[in-house]
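Everything on this sheet refers to the single structure shown next.
The values are calculated or read from the model by the stated rules, or taken from the named source; none is laboratory data. Because the structure is predicted, anything quoted here is derived from the model rather than measured. Just so you know, the surface numbers come from the protein's heavy atoms only, side chains and all, with ligands and any DNA or RNA stripped out. Shrake-Rupley method; radii C 1.70, N 1.55, O 1.52, S 1.80 Å.
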Amino acid sequence: MKKLLLLFIALSLSSCKEKKETTTAENIDQIREEWNKNRLDFFIGATPQPFSAKTMNGHLFNSNDYKGKNLLIFIYSKKSLEKDHNVSYNMTDDMNRLFAEYKDQAGFIGILEGLEDDKTAHEKALKDAGNIQFDQIDNTKSPQRQEQIKYNTFCTPARILINSNGKVIHSNCGGATDQELMRKLDSIKTQQK
(Lines give C-alpha, C1' and ligand atoms only; values in the text may rest on other atoms or scores of the structure.)
Protein backbone atom coordinates (compact mmCIF):
# COMPACT_ATOMS: atom_id res chain seq x y z
CA MET A 1 0.00 0.00 0.00
CA LYS A 2 2.86 2.35 0.86
CA LYS A 3 4.51 1.62 -2.49
CA LEU A 4 1.26 2.37 -4.32
CA LEU A 5 0.84 5.63 -2.38
CA LEU A 6 4.45 6.66 -3.13
CA LEU A 7 3.97 5.83 -6.81
CA PHE A 8 0.78 7.93 -6.89
CA ILE A 9 2.55 10.91 -5.23
CA ALA A 10 5.52 10.62 -7.61
CA LEU A 11 3.23 10.55 -10.67
CA SER A 12 1.22 13.48 -9.34
CA LEU A 13 4.34 15.56 -8.76
CA SER A 14 5.69 14.61 -12.17
CA SER A 15 2.48 15.70 -13.94
CA CYS A 16 2.43 18.96 -11.97
CA LYS A 17 6.02 19.63 -12.93
CA GLU A 18 5.27 19.02 -16.62
CA LYS A 19 2.23 21.31 -16.44
CA LYS A 20 4.31 24.03 -14.76
CA GLU A 21 6.97 23.83 -17.52
CA THR A 22 4.25 24.12 -20.19
CA THR A 23 2.76 27.10 -18.41
CA THR A 24 6.21 28.70 -18.21
CA ALA A 25 6.74 28.20 -21.95
CA GLU A 26 3.29 29.69 -22.61
CA ASN A 27 4.16 32.62 -20.35
CA ILE A 28 7.39 33.23 -22.26
CA ASP A 29 5.48 33.25 -25.55
CA GLN A 30 2.93 35.64 -24.04
CA ILE A 31 5.67 37.95 -22.76
CA ARG A 32 7.41 37.87 -26.15
CA GLU A 33 4.15 38.62 -27.95
CA GLU A 34 3.35 41.53 -25.60
CA TRP A 35 6.88 42.90 -25.97
CA ASN A 36 6.65 42.81 -29.78
CA LYS A 37 3.08 44.13 -29.93
CA ASN A 38 3.97 47.73 -29.12
CA ARG A 39 7.29 47.86 -30.99
CA LEU A 40 8.12 49.09 -34.45
CA ASP A 41 9.27 46.29 -36.70
CA PHE A 42 12.52 47.37 -38.34
CA PHE A 43 13.45 43.92 -39.68
CA ILE A 44 13.93 43.51 -43.44
CA GLY A 45 10.63 43.02 -45.25
CA ALA A 46 8.53 44.58 -42.47
CA THR A 47 6.27 47.59 -42.89
CA PRO A 48 6.66 49.58 -39.66
CA GLN A 49 3.67 51.38 -38.20
CA PRO A 50 3.81 55.19 -38.37
CA PHE A 51 5.59 56.78 -35.42
CA SER A 52 6.35 60.22 -34.10
CA ALA A 53 8.66 61.68 -31.47
CA LYS A 54 10.02 64.99 -30.33
CA THR A 55 13.47 65.77 -31.71
CA MET A 56 16.32 67.24 -29.70
CA ASN A 57 15.78 70.63 -31.31
CA GLY A 58 12.12 70.66 -30.23
CA HIS A 59 10.47 69.73 -33.54
CA LEU A 60 8.03 66.86 -33.95
CA PHE A 61 9.28 64.10 -36.23
CA ASN A 62 6.44 62.15 -37.85
CA SER A 63 7.18 59.20 -40.13
CA ASN A 64 3.87 59.88 -41.93
CA ASP A 65 5.60 62.92 -43.44
CA TYR A 66 7.68 60.42 -45.45
CA LYS A 67 4.80 58.50 -47.04
CA GLY A 68 5.78 57.90 -50.64
CA LYS A 69 9.40 58.82 -49.81
CA ASN A 70 12.44 56.92 -48.59
CA LEU A 71 13.60 57.23 -44.98
CA LEU A 72 17.01 56.34 -43.53
CA ILE A 73 17.06 55.84 -39.76
CA PHE A 74 20.26 55.75 -37.72
CA ILE A 75 20.05 54.19 -34.25
CA TYR A 76 23.06 54.69 -32.06
CA SER A 77 24.26 54.99 -28.48
CA LYS A 78 26.39 57.63 -26.81
CA LYS A 79 29.33 55.22 -27.02
CA SER A 80 29.04 55.17 -30.84
CA LEU A 81 29.54 58.94 -30.91
CA GLU A 82 32.76 58.91 -28.92
CA LYS A 83 35.75 59.64 -31.10
CA ASP A 84 38.57 57.15 -30.93
CA HIS A 85 41.75 58.75 -32.23
CA ASN A 86 43.26 55.28 -32.80
CA VAL A 87 40.55 54.40 -35.33
CA SER A 88 40.05 56.09 -38.68
CA TYR A 89 36.25 55.56 -38.68
CA ASN A 90 34.06 58.33 -37.28
CA MET A 91 30.30 57.67 -37.14
CA THR A 92 29.30 61.35 -37.26
CA ASP A 93 31.39 61.90 -40.40
CA ASP A 94 29.87 58.77 -41.95
CA MET A 95 26.28 59.91 -41.20
CA ASN A 96 26.97 63.42 -42.51
CA ARG A 97 28.59 62.05 -45.68
CA LEU A 98 25.53 59.92 -46.39
CA PHE A 99 23.25 62.86 -45.67
CA ALA A 100 25.17 65.16 -48.02
CA GLU A 101 25.11 62.60 -50.82
CA TYR A 102 21.54 61.27 -50.49
CA LYS A 103 19.43 63.96 -48.78
CA ASP A 104 17.48 64.50 -52.02
CA GLN A 105 16.61 60.79 -52.22
CA ALA A 106 15.72 60.03 -48.60
CA GLY A 107 14.70 61.62 -45.35
CA PHE A 108 17.13 61.18 -42.46
CA ILE A 109 16.54 60.81 -38.72
CA GLY A 110 18.88 59.78 -35.92
CA ILE A 111 17.77 58.03 -32.74
CA LEU A 112 20.03 58.24 -29.67
CA GLU A 113 19.28 55.35 -27.34
CA GLY A 114 20.54 53.89 -24.09
CA LEU A 115 20.28 54.55 -20.41
CA GLU A 116 20.45 58.18 -19.44
CA ASP A 117 22.45 58.14 -16.27
CA ASP A 118 23.55 61.72 -16.86
CA LYS A 119 21.76 63.90 -19.43
CA THR A 120 24.73 66.27 -19.65
CA ALA A 121 26.93 63.33 -20.70
CA HIS A 122 24.65 62.64 -23.70
CA GLU A 123 24.55 66.31 -24.62
CA LYS A 124 28.35 66.51 -24.32
CA ALA A 125 28.78 63.38 -26.48
CA LEU A 126 26.59 64.92 -29.18
CA LYS A 127 28.47 68.21 -28.97
CA ASP A 128 31.88 66.49 -29.03
CA ALA A 129 30.79 64.35 -31.99
CA GLY A 130 30.40 67.46 -34.09
CA ASN A 131 27.44 68.80 -35.94
CA ILE A 132 25.13 66.03 -37.13
CA GLN A 133 23.36 67.62 -40.07
CA PHE A 134 19.90 66.11 -39.60
CA ASP A 135 17.42 65.87 -36.72
CA GLN A 136 18.03 63.56 -33.79
CA ILE A 137 15.55 61.98 -31.38
CA ASP A 138 16.58 61.53 -27.77
CA ASN A 139 15.25 58.04 -27.13
CA THR A 140 17.27 57.43 -23.98
CA LYS A 141 15.53 56.22 -20.87
CA SER A 142 16.07 56.69 -17.17
CA PRO A 143 14.27 55.62 -14.00
CA GLN A 144 12.11 58.72 -14.42
CA ARG A 145 11.49 58.50 -18.17
CA GLN A 146 10.69 55.84 -20.75
CA GLU A 147 11.97 55.94 -24.31
CA GLN A 148 9.76 57.73 -26.85
CA ILE A 149 9.92 54.99 -29.47
CA LYS A 150 10.03 51.24 -28.99
CA TYR A 151 11.39 49.02 -31.75
CA ASN A 152 12.78 45.53 -32.28
CA THR A 153 16.35 46.50 -33.18
CA PHE A 154 18.77 44.97 -30.69
CA CYS A 155 22.11 46.48 -31.74
CA THR A 156 23.80 49.81 -32.15
CA PRO A 157 24.77 51.45 -34.30
CA ALA A 158 22.09 50.37 -36.75
CA ARG A 159 20.87 51.65 -40.10
CA ILE A 160 17.36 51.06 -41.35
CA LEU A 161 16.28 52.07 -44.85
CA ILE A 162 12.54 52.23 -45.47
CA ASN A 163 11.54 52.59 -49.12
CA SER A 164 8.83 54.81 -50.60
CA ASN A 165 6.29 51.96 -50.16
CA GLY A 166 6.95 51.95 -46.39
CA LYS A 167 8.83 48.65 -46.44
CA VAL A 168 12.17 48.02 -44.71
CA ILE A 169 14.63 47.18 -47.48
CA HIS A 170 17.81 47.40 -45.43
CA SER A 171 18.55 46.79 -41.76
CA ASN A 172 22.08 46.28 -40.50
CA CYS A 173 24.25 46.72 -37.47
CA GLY A 174 27.80 47.81 -37.04
CA GLY A 175 30.22 50.61 -37.70
CA ALA A 176 30.95 51.95 -41.16
CA THR A 177 28.29 52.03 -43.83
CA ASP A 178 28.20 48.76 -45.70
CA GLN A 179 28.29 48.42 -49.47
CA GLU A 180 24.78 46.96 -49.67
CA LEU A 181 23.28 50.14 -48.19
CA MET A 182 25.31 52.26 -50.62
CA ARG A 183 24.05 50.18 -53.57
CA LYS A 184 20.44 50.60 -52.45
CA LEU A 185 20.83 54.35 -52.00
CA ASP A 186 22.54 54.63 -55.39
CA SER A 187 19.70 52.64 -56.95
CA ILE A 188 17.16 55.06 -55.47
CA LYS A 189 19.23 57.97 -56.78
CA THR A 190 19.32 56.45 -60.28
CA GLN A 191 15.56 55.73 -60.29
CA GLN A 192 14.76 59.33 -59.37
CA LYS A 193 16.76 60.83 -62.24
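Figures for the structure shown
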{"quantity": "Violating pairs (Cα-Cα greater than 22 angstrom) within the set Lys67/Lys124; Lys54/Lys150; Lys167/Lys189; Lys79/Lys150; Lys103/Lys167", "calculated": "Lys67/Lys124"}
{"quantity": "Accessible-area value, Glu26, 1.4 Å probe, nucleic acids and ligands omitted, Å²", "calculated": "110 Å²"}
{"quantity": "Candidate residues Lys189, Lys54: accessible-area rank, largest first, probe 1.4 Å", "calculated": "Lys54, Lys189"}
{"quantity": "Contour excess over end-to-end distance, with Cα ends at Lys54 and Ile28 and 0.36 nm allotted per residue", "calculated": "6.1 nm"}
